[in-house]
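Data block below; observations after.
The values are calculated or read from the model by the stated rules, or taken from the named source; none is laboratory data. What you are looking at is a predicted structure, and each value in this text was computed from that prediction instead of being measured. Heads up, the Cβs are rebuilt from the backbone with ideal geometry, glycines too, and the neighbour counts pull from every protein chain shown. Please note that ligands, DNA and RNA were not included when accessible areas were found on the heavy atoms of the full protein model with its side chains. Shrake-Rupley method; radii C 1.70, N 1.55, O 1.52, S 1.80 Å.
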Amino acid sequence: MCGIWALFGSDECLSVQCLSAMKIAHRGPDAFRFENVNGFTNCCFGFHRLAVVDQLYGMQPIRVKKFPYLWLCYNGEIYNFKQLQKQFGFEYQTLVDGEVILHLYNRGGIEQTASMLDGVFAFILLDTANRKVFLARDTYGVRPLFKVLTDDGFLGVCSEAKGLINLKHSTSLCSKVEPFLPGHYEVLDLKPSGKVASVELVKFHSCKDEPLHVTCDTVEALPSGSFDLETVKSNIRILFENAVRKRLMAHRRIGCLLSGGLDSSLVAAVLLKLMKEININYPLQTFAIGMENSPDLLAARKVAAHIGSEHHEVILNTEEGIQAIEEVIFSLETYDITTIRASIGMYLVSKYIRKKTDSVVIFSGEGSDELTQGYIYFHKAPSPEEAAEESERLLKELYLFDVLRADRTTAAHGLELRVPFLDHRFTSYYLSLPAELRIPKNGIEKYLLRLSFEDSNLLPKEILWRPKEAFSDGIASVKKSWFSILQDYIDQQVDDLLLEKAAEKYPFNPPKTKESYYYRQIFEKHYSGRSSWLPHYWMPRWVKATDPSARTLKHYKSATQE
């Protein structure tokens, strides 16, 4: 995990512009480099490094003797770099996994490069010999990327929008800063002036398609076409375990977020099992956050005792959570209600990990709810087919919601996130299964995923079959939800008259509640006029929901009611 930043065709002094690069310094606390491009005095790269692999030769932009005309700035992890080396006979100059991008590009161009990478990534690749700039981002946007391109060809690229919004340019204070779409690459021509012109934006991978890099995966081809339940369950276990195993690639200590829900518990259990198998000689640290005796803390405690992790509990107090709201919104760059609620706990537990422990590479359970139909409203899906479509929609929008939350809250504290549920191979297999197999059954969401691990003894039965809790609710008590606590505080902060006039002040995505208005005010303070970064609020489907919390839905049953 790191922060990348680049400018092409800047009219302003680069020493002034590079102050914007410092806005993302939190993403890479270990080192910083600012480098001009030879022959293009108005083009430069900025890089903030979190050293996770090759601590000696891992600085960027990456340049190797074999390709002196290529410059690479990337944020991510490429899990199959050794398999690609073996398959194509690449000769690496460093131990950095991202170096494979240079070799793949030289061998087969940008299309093959993006398609063959098994991992999470956002990169800027400059080819001065052919005068091209390439941008690319992984399928689910696990690694963030923003860009701004003016009419006269000035290009700015950054891991977070905050590194672009204050750039200066002769024609204006920069044009529209926007997120770069996941699963796409863009080709731009580099002119002698250092300015660029976009040539094409190409979608190189969809979540349903089996990725091209399957040919060089550590797991051989699985029995396909058979939807016999035992075969399906076995394949799910094999692919999920493989997804966790490949993500063990790290020279820094590994830890795991553990809410006590199904997803993070499965990740922690499989992770610990695999760490033992490869003789990692330190205990796995797991981290839970919640108010005293909250459902998440109690469940996480059970899981940690079962798997034998070194467990840490962070007690959340109401005041601390409320005080964190503004810095959380600044980090997130969004005003989405449920994203902010859920981010407060994750932001504070990440802060604890950074200050109190030496864990840096943090595993988490993001992506499972979208993939395996874990949200409670899936019980109301009109048909299995519509549920399958909704699952795909949620996966495509992860970069706006859960993946955005997970990246920003951890990156704010210099941690690197690993999300095995969003493994390309695992997700494409799960989505290939018949729609009927993937829906909730017997009143239980994620039924197939739970069933697949039922005989594994990885988790206590009551955790494996624990009903869904939204992270923002599970951290509070059953009697009073976290969203209710937030609303009670905000009620005193926002006047009724302000809410009545909200649609006039904020015509795009107008706030409908005081909570929503409060978040929007803070967002506009830091990112005025950038409301289009959030196309719509996250909200349940098929139910007349006025609030995104699972606890407002009729299907929700708290532990005290069971």
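Restricting to segment 526-547, give me the number of residues that are open to solvent by 70 Å² or more (accessible area, probe 1.4 Å) and in contact with a helix residue (DSSP H, G or I) (Cβ under 7 Å, 6 or more places away or on another chain). Break it down stepwise before answering.
At the first step, the residues of segment 526-547 found to be open to solvent by 70 Å² or more (accessible area, probe 1.4 Å) are 528, 541-542, 544, 546.
Of the ones still in play, those that are also in contact with a helix residue (DSSP H, G or I) (Cβ under 7 Å, 6 or more places away or on another chain) are 541-542.
Looking only at that region, the number is 2.
Check whether at least one residue in segment 102-115 is among the β-branched types (V, I, T), over 22 Å from L398 (Cβ atoms) and assigned to a loop (DSSP other than H, G, I, E, B), and report yes or no.
Restricting attention to segment 102-115, the residues satisfying the condition of being among the β-branched types (V, I, T) are 110, 113.
From the residues that got through so far, the ones that are over 22 Å from L398 (Cβ atoms) too are 110, 113.
Narrowing further to those that are assigned to a loop (DSSP other than H, G, I, E, B): none.
No.
Could you list, ordered by first residue, the pairs with Cβ atoms under 9 Å in which the first is in segment 353-364 and closer than 12 Å to L50 by Cβ and the second is of a type in the set (F, W, Y) and crowded, with 24+ Cβ neighbours inside 10 Å, at least 6 apart or interchain?
Here the result reads I362/F287, each pair linking segment 353-364 to a residue that is of a type in the set (F, W, Y) and crowded, with 24+ Cβ neighbours inside 10 Å.
Of these, E200, E230, which one is free of Cβ contacts under 8 Å to residues at least 24 places away in the same chain, under 30 Å from L126 (Cβ atoms) and surrounded by fewer than 20 Cβ atoms within 10 Å (Cβ to Cβ)? It would help to see each step written out before you state the result.
Details: E230 fails: under 30 Å from L126 (Cβ atoms).
It is E200.
Conditions: (1) buried (at least 22 other Cβ atoms within 10 Å of the Cβ); (2) under 26 Å from the mean Cα position of the chain (by Cα). K176 meets all but one. Number of the miss?
(1)
Would you list the helices (runs of 4 or more DSSP H) that sit entirely within segment 241-345 and hold 1 or more residues that are of a type in the set (D, E) and crowded, with 17+ Cβ neighbours inside 10 Å?
Numbers: elements: 262-277, 295-307, 318-323, 325-332.
Once the helices (runs of 4 or more DSSP H) in segment 241-345 are filtered for at least 1 residues that are of a type in the set (D, E) and crowded, with 17+ Cβ neighbours inside 10 Å, what remains is 262-277, 295-307.
Quick one: which of Y69, Y79, Y74, Y140 is farther than 26 Å from N242 by Cβ, of a type in the set (F, W, Y) and either in contact with a helix residue (DSSP H, G or I) (Cβ under 9 Å, 6 or more places away or on another chain) or surrounded by fewer than 24 Cβ atoms within 10 Å (Cβ to Cβ) (or both)?
Numbers: Y79 fails: farther than 26 Å from N242 by Cβ; Y74 fails: farther than 26 Å from N242 by Cβ; Y140 fails: farther than 26 Å from N242 by Cβ.
Only one candidate passes the filter, namely Y69.
Taking the residues in segment 82-101 that are part of a helix (DSSP H, G or I) and not aliphatic (A, V, I, L, M) as candidates, determine which candidate is surrounded by the most Cβ atoms within 10 Å (Cβ to Cβ). Show your work before the answer.
Within segment 82-101, the subset part of a helix (DSSP H, G or I) is 82-88, 99-101.
Then drop every residue that is not not aliphatic (A, V, I, L, M), which leaves 82-83, 85-88, 99.
On the way: K82: 16, Q83: 18, Q85: 16, K86: 11, Q87: 13, F88: 14, E99: 24.
Of everything passing the filter in segment 82-101, E99 is surrounded by the most Cβ atoms within 10 Å (Cβ to Cβ).
Given the conditions (1) over 28 Å from L167 (Cβ atoms); (2) of a type in the set (D, E); (3) free of Cβ contacts under 8 Å to residues at least 40 places away in the same chain, report the number of the one that D97 does not fulfil.
For D97, the exception is condition (3).
Just to be sure before I move on: is F81 modelled with pLDDT of 85 or more, more than 27 Å from H205 (Cα to Cα) and aromatic (F, W, Y) in the structure I sent? Spell out the reasoning first.
Values: modelled with pLDDT of 85 or more: yes; more than 27 Å from H205 (Cα to Cα): no; aromatic (F, W, Y): yes.
Answer is no for this residue.
Return a yes/no flag: does segment 214-230 have any residue that is under 23 Å from the mean Cα position of the chain (by Cα), at pLDDT below 95 and either under 30 Å from L95 (Cα atoms) or assigned to a loop (DSSP other than H, G, I, E, B) (or both). Before you say what the answer is, go through the steps one by one.
Initially, segment 214-230 is screened for residues under 23 Å from the mean Cα position of the chain (by Cα), giving 214, 217.
Keeping just the survivors that are at pLDDT below 95 gives 214, 217.
Still in the running and either under 30 Å from L95 (Cα atoms) or assigned to a loop (DSSP other than H, G, I, E, B) (or both): 214, 217.
So far as segment 214-230 goes, yes, one or more of its residues are under 23 Å from the mean Cα position of the chain (by Cα), at pLDDT below 95 and either under 30 Å from L95 (Cα atoms) or assigned to a loop (DSSP other than H, G, I, E, B) (or both).
Of all residues in segment 43-66 being under 17 Å from E416 (Cα atoms) and open to solvent by 40 Å² or more (accessible area, probe 1.4 Å), which is modelled with the highest pLDDT?
M59
Rundown of residues vs (1) in contact with a Cys (Cβ under 7 Å, 6 or more places away or on another chain); (2) buried (at least 16 other Cβ atoms within 10 Å of the Cβ), yes/no style:
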{"site": "E12", "(1), (2)": "no, no"}
{"site": "A21", "(1), (2)": "no, yes"}
{"site": "A25", "(1), (2)": "no, no"}
{"site": "R33", "(1), (2)": "no, no"}
{"site": "V37", "(1), (2)": "yes, yes"}
{"site": "T41", "(1), (2)": "no, no"}
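Exactly one of (1) at pLDDT 90 or above; (2) open to solvent by 10 Å² or more (accessible area, probe 1.4 Å) is unmet by A114. Its number?
(2) is the only condition that A114 fails.
When segment 284-314 is examined, which residues are found to be of a type outside the set (A, V, I, L, M) and within 20 Å of N457 (Cα to Cα)?
Let us first name the residues in segment 284-314 that are of a type outside the set (A, V, I, L, M), namely 285-287, 290, 292-296, 301-302, 306, 308-313.
T286, R301, K302, H306, G308, S309, E310, H311 - these are the residues of segment 284-314 that are of a type outside the set (A, V, I, L, M) and within 20 Å of N457 (Cα to Cα).
Scanning segment 358-401 for residues that are open to solvent by less than 10 Å² (accessible area, probe 1.4 Å) and among the hydroxyl-bearing types (S, T, Y), which turns out nearest to R541 (Cα to Cα)?
Within segment 358-401, the match that is nearest to R541 (Cα to Cα) is Y377.
Is there a residue in segment 153-161 that is modelled with pLDDT of 95 or more, surrounded by fewer than 19 Cβ atoms within 10 Å (Cβ to Cβ), touching a helix residue (DSSP H, G or I) at 6+ places or on another chain (Cβ under 8 Å) and not aromatic (F, W, Y)?
Checked against the condition, which is being modelled with pLDDT of 95 or more, surrounded by fewer than 19 Cβ atoms within 10 Å (Cβ to Cβ), touching a helix residue (DSSP H, G or I) at 6+ places or on another chain (Cβ under 8 Å) and not aromatic (F, W, Y), segment 153-161 yields no hits at all.
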